[in-house]
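Written below as structure tokens is the structure these notes are about.
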């Protein structure tokens, strides 16, 4: 009996603990909000004077600017197809993302009531926002995992038992590259740059603009979540990304803080990167 209990305890992993805690938090949220119906009753839209096209400005700077700069890099470097090209493209992505961030800060300061504070960037609330971001990520985590399980089940039913969800390209580079500088740069991209630019753009601008015109918070969250998921390359990641984005969008509407979804996104990517590195180390 004691041997069986000891074996059961040793098979409990951090992932199991995170999932159990997350399920409990999500269940508590369902009870407190009448299955989500009252969750955003008292959330106020952020007052702004954005035009319909305003979010497209930083989006085009981010996408087209990065694409043009990467094309220039290819022309300069030439036919090289090793880690140096990947490193250069990653640096260009950082530059394009930061240019987009600067554009969004200017637009938000101009168009939002109370400027950046009204947009949800409040330095004084950073410790509180970080703590709440971690708690809310725990509550969303089981839903993201459910989406992954569903995609796996569908994939195995359609393609056979050997099916695996393709790993994200950046995760694959982190775990397979032998160039430390490239690994560090990609980690910075995943944990710092991507959460910053994507949350400012999708939650901060697109979601706010949609809610301003349609007035329905859950609808604006859902539409923005679809946009967020589909800009990522691999369709097999879309269901999990959609569910994550629903949690990010809800957090922004509930708290009014843009820092909370930024921290949630950064924590999610950080845990994903750490898990991939831990799995690689276990195989070695």
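Applying the criterion of being in contact (Cβ under 8 Å) with a residue 60 or more places away in the chain and either out of contact with any helix residue (DSSP H, G or I) (no Cβ under 9 Å at 6 or more places or on another chain) or surrounded by fewer than 16 Cβ atoms within 10 Å (Cβ to Cβ) (or both) to the residues of the stretch 44-62, the residue that is nearest to residue 95 (Cα to Cα) is 52. Would you pick out the residues in the stretch 17-31 that are out of contact with any helix residue (DSSP H, G or I) (no Cβ under 8 Å at 6 or more places or on another chain) and either modelled with pLDDT under 95 or not in a helix (DSSP H, G or I) (or both)? Answer for the stretch 17-31, where residues must be out of contact with any helix residue (DSSP H, G or I) (no Cβ under 8 Å at 6 or more places or on another chain) and either modelled with pLDDT under 95 or not in a helix (DSSP H, G or I) (or both): 17, 20. Selection within the stretch 257-284: residues that are touching a helix residue (DSSP H, G or I) at 6+ places or on another chain (Cβ under 9 Å) and part of a loop (DSSP other than H, G, I, E, B). The member of this set that is surrounded by the fewest Cβ atoms within 10 Å (Cβ to Cβ) is 257. Counting only residues that are in a helix (DSSP H, G or I), touching a residue at least 40 places away in the same chain (Cβ under 8 Å) and under 23 Å from the mean Cα position of the chain (by Cα), the stretch 148-178 holds 8 of them. When residue 110 is tested against (1) modelled with pLDDT of 95 or more; (2) under 22 Å from the mean Cα position of the chain (by Cα); (3) within 30 Å of residue 47 (Cα to Cα), only condition (2) is not met. Counted as qualifying within the stretch 189-249 are the helices (runs of 4 or more DSSP H) with 1 or more residues that are in contact with a strand residue (DSSP E or B) (Cβ under 9 Å, 6 or more places away or on another chain) and more than 27 Å from residue 89 (Cα to Cα), namely 208-214. With the structure loaded, tell me whether residue 140 is surrounded by 13 or more Cβ atoms within 10 Å (Cβ to Cβ), more than 22 Å from residue 281 (Cβ to Cβ) and touching a residue at least 60 places away in the same chain (Cβ under 8 Å) or whether it fails that test. Yes. For the criterion of being under 21 Å from the mean Cα position of the chain (by Cα) and either over 25 Å from residue 110 (Cβ atoms) or not in a helix (DSSP H, G or I) (or both), residue 73 fails. Looking at residue 213, is it more than 25 Å from residue 149 (Cα to Cα), in contact (Cβ under 8 Å) with a residue 12 or more places away in the chain and buried (at least 23 other Cβ atoms within 10 Å of the Cβ)? No: the conditions fail for residue 213.
If you go through the stretch 64-105 and keep only what is closer than 14 Å to residue 205 by Cβ and surrounded by 13 or more Cβ atoms within 10 Å (Cβ to Cβ), you end up with 100, 101, 103, 104, 105.
The values are calculated or read from the model by the stated rules, or taken from the named source; none is laboratory data. Note that the structure is predicted; figures quoted are calculated from it, not measured. Glycine also receives a Cβ, built like all others from the backbone with ideal geometry; neighbour counts cover every protein chain displayed.
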